Amino acid sequence: MTLRPKPTIQKALISSTSRFVGEYEKNGMLLAHAWPDFYDRTASTRWFEGPLSRSAFVFIFETPPLIEKSGPVPDYSPMGDLICAYLAVLFGKRFDFHGIIESRGLFHFPNLKQFEHLCDHHLPQNSHSPRVDFPVPLELGQFSRIERLLLAPLPDIKFLRTFQGATKFYLQALRNIEYDPEIAYLHLITAGEILSNYYDYRTEALLDTQTLKVLSKIQEELVNGDRVAKFISKKLLQVKRRFVETIIGLVEKDFFQHSEAKEPFAGLKESSFRDTISAAYDLRSRYVHTGIPFRNLVSHYISGMNNEIMIGKPVVEDKEFGKILAKVPTYLGLERIIRYCLLRFAQLNNAYIEPSIV
């Protein structure tokens with residue numbers, strides 16, 4: 001008997017600022033707790049909701065045996081980042097990857113610097129309570145809801161690549177909001193953009209009535225009008241409109257029946273939702289094209305309110321920029337929107353299964 005690790009068993013150390021119970025073991029995968037020293041009295045402070053809250057877990061998975069002289073030695077660390085992204089979207093909580101601790105028959109040393117950082121436990125992503133949308137209990141066995149993302153036969157490759165790309169940006173937003181609100185907000189917009197590129201929209205769905213009338217006139221009156229109109233319409237199919245239509249299409253009416261804002265007036269509204277989403281993309285475009293910063297404006301949550309929309313009109317020098325800011329969702333609002341869309345997207349592609357039909 002050898003005490004050396006098996007080359008086919010890979011172990012990744014991850015953690016979360018939220019508290020979880022239980023474990024997941026199935027299909028050559030194990031997600032279980034990495035317990036602290038029970039004799040360390042300070043360790044228990046991390047189990048309670050607060051700035052120090054953080055729990056560690058090990059994700060263990062089995063891989064095929066290595067074939068000698070078959071090329072570069074595989075790097076399994078991307079699986080750690082991917083599992084964190086999947087768990088973050090599933091639970092709506094922050095997860096961090098600390099490195100592979102055992103892989104290819106070798107031991108590895110993790111990076112534990114995140115354990116030195118404090119967290120804002122008032123943010124829903126760090127709290128010890130389930131989210132209001134897709135309220136998944138904070139129990140590791142709930143990973144079974146999305147296990148199809150890792151099991152053969154895998155979902156459609158176009159869906160899988162879209163979902164993986166979008167979830168990685170979603171997780172980056174959760175990790176950055178407390179240090180760089182601008183980057184966090186832009187990551188959420190990027191996650192929505194990736195989702196929007198999954199869908200093929202008809203020209204009529206992305207162009208307004210007036211533009212469609214002009215294109216129709218070009219088709220009828222110009223020589224080679226069909227070709228000219230087609231060329232113009234492709235140029236006019238804005239990324240923004242695709243983004244807005246995707247979000248509107250994925251968000252159902254039940255989304256507006258509850259909120260994480262403490263007061264009804266501070267929550268997202270169905271009546272103004274299109275304008276809200278449109279303004280969020282306008283804010284992204286304004287920042288990317290002009291560099292006008294919005295810093296902490298979108299992460300400004302009125303004390304104890306957790307407002308998902310802006311309350312009042314921000315005071316800025318640029319009036320047009322101020323109009324955009326007055327309509328945008330806050331980070332909390334946009335994060336809630338994007339997580340809902342990601343899980344709804346997975347649900348529509350049979351990659352998220354409710355417990356009643358697992």
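Table: residues versus (1) of a type in the set (Val, Ile, Thr); (2) modelled with pLDDT of 65 or more.
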| residue | (1), (2) |
| --- | --- |
| 152 | no, yes |
| 160 | no, yes |
| 167 | yes, yes |
| 174 | no, yes |
| 191 | no, yes |
| 223 | yes, no |
| 233 | no, no |
| 251 | yes, yes |
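With (1) touching a residue at least 40 places away in the same chain (Cβ under 8 Å); (2) under 18 Å from residue 56 (Cα atoms) as the list, and residue 150 as the residue in question, which single condition is left unmet?
All conditions are met except number (2).
Among the residues of region 106-126, which ones are assigned to a loop (DSSP other than H, G, I, E, B) and open to solvent by 20 Å² or more (accessible area, probe 1.4 Å)? Spell out the reasoning first.
Applying the first criterion (assigned to a loop (DSSP other than H, G, I, E, B)) to region 106-126 yields 108-112, 117-126.
Answer for region 106-126, where residues must be assigned to a loop (DSSP other than H, G, I, E, B) and open to solvent by 20 Å² or more (accessible area, probe 1.4 Å): 108, 109, 110, 111, 112, 117, 118, 120, 121, 122.
So which residues in region 148-164 are open to solvent by less than 20 Å² (accessible area, probe 1.4 Å) and not β-branched (Val, Ile, Thr), if there are any at all?
Listed by number, the residues that qualify are 149, 159, 160, 163.
What are the residue pairs meeting all of these: first residue in region 268-287, first residue in contact (Cβ under 8 Å) with a residue 40 or more places away in the chain and closer than 22 Å to residue 183 by Cβ, second residue in a helix (DSSP H, G or I) and open to solvent by 60 Å² or more (accessible area, probe 1.4 Å), Cβ atoms under 7 Å, and 6 or more apart or on different chains?
Filtered contacts from region 268-287: 276/327; 279/327.
Restricting the search to region 278-312, which residues are within 16 Å of residue 268 (Cα to Cα) and open to solvent by 60 Å² or more (accessible area, probe 1.4 Å)?
300, 311
Are there strands (runs of 3 or more DSSP E) fully within region 1-93 with at least 2 residues that are among the aromatic types (Phe, Trp, Tyr)? List them.
The strands (runs of 3 or more DSSP E) meeting that bar are 55-62.
Can you pull out every residue in region 318-347 that is open to solvent by 30 Å² or more (accessible area, probe 1.4 Å), part of a helix (DSSP H, G or I) and at pLDDT below 95?
Selection gives 319, 320, 323, 326, 327.
Do we have residue 88 as more than 25 Å from residue 338 (Cα to Cα) and surrounded by 20 or more Cβ atoms within 10 Å (Cβ to Cβ) here? Steps first, please.
On the way: more than 25 Å from residue 338 (Cα to Cα): no; surrounded by 20 or more Cβ atoms within 10 Å (Cβ to Cβ): yes.
So residue 88 fails the test.
Among residues belonging to region 242-266 that are of a type outside the set (S, T, N, Q), crowded, with 21+ Cβ neighbours inside 10 Å and touching a residue at least 60 places away in the same chain (Cβ under 8 Å), point out the one that is farthest from residue 200 (Cα to Cα).
261
Give me the pairs: first residue in region 10-28 and more than 21 Å from residue 93 (Cβ to Cβ) and open to solvent by less than 60 Å² (accessible area, probe 1.4 Å), second residue part of a strand (DSSP E or B) and among the aromatic types (Phe, Trp, Tyr), beta-carbon distance under 8 Å, and six or more apart or on different chains, which are they?
As it stands, the answer is 10/61; 11/59; 28/61, since those pairs meet every condition given.
Residues of region 166-187 being within 9 Å of the chain's Cα centre (by Cα) and either not in a helix (DSSP H, G or I) or not hydroxyl-bearing (Ser, Thr, Tyr) (or both), which ones?
Of everything in region 166-187, those that are within 9 Å of the chain's Cα centre (by Cα) and either not in a helix (DSSP H, G or I) or not hydroxyl-bearing (Ser, Thr, Tyr) (or both) turn out to be 166, 168, 169, 171, 172, 173, 174, 187.
Looking at region 145-165, which of its residues are more than 20 Å from residue 193 (Cβ to Cβ) and in a helix (DSSP H, G or I)?
145, 146, 147, 148, 149
Of all residues in region 64-81, which are open to solvent by 20 Å² or more (accessible area, probe 1.4 Å) and under 23 Å from residue 164 (Cα atoms)?
Filtering region 64-81 down to residues open to solvent by 20 Å² or more (accessible area, probe 1.4 Å) leaves 64-79, 81.
64, 74, 75, 76, 77, 78, 79, 81 - these are the residues of region 64-81 that are open to solvent by 20 Å² or more (accessible area, probe 1.4 Å) and under 23 Å from residue 164 (Cα atoms).
The values are calculated or read from the model by the stated rules, or taken from the named source; none is laboratory data. If you're wondering where the values come from, they're calculated on a predicted model, not measured in any experiment. Note: ideal-geometry Cβ built from the backbone for every residue, glycine included; neighbour counts use all protein chains shown. Only protein heavy atoms, including side chains, enter the accessible area calculation; ligands, DNA and RNA are left aside. Shrake-Rupley method; radii C 1.70, N 1.55, O 1.52, S 1.80 Å.
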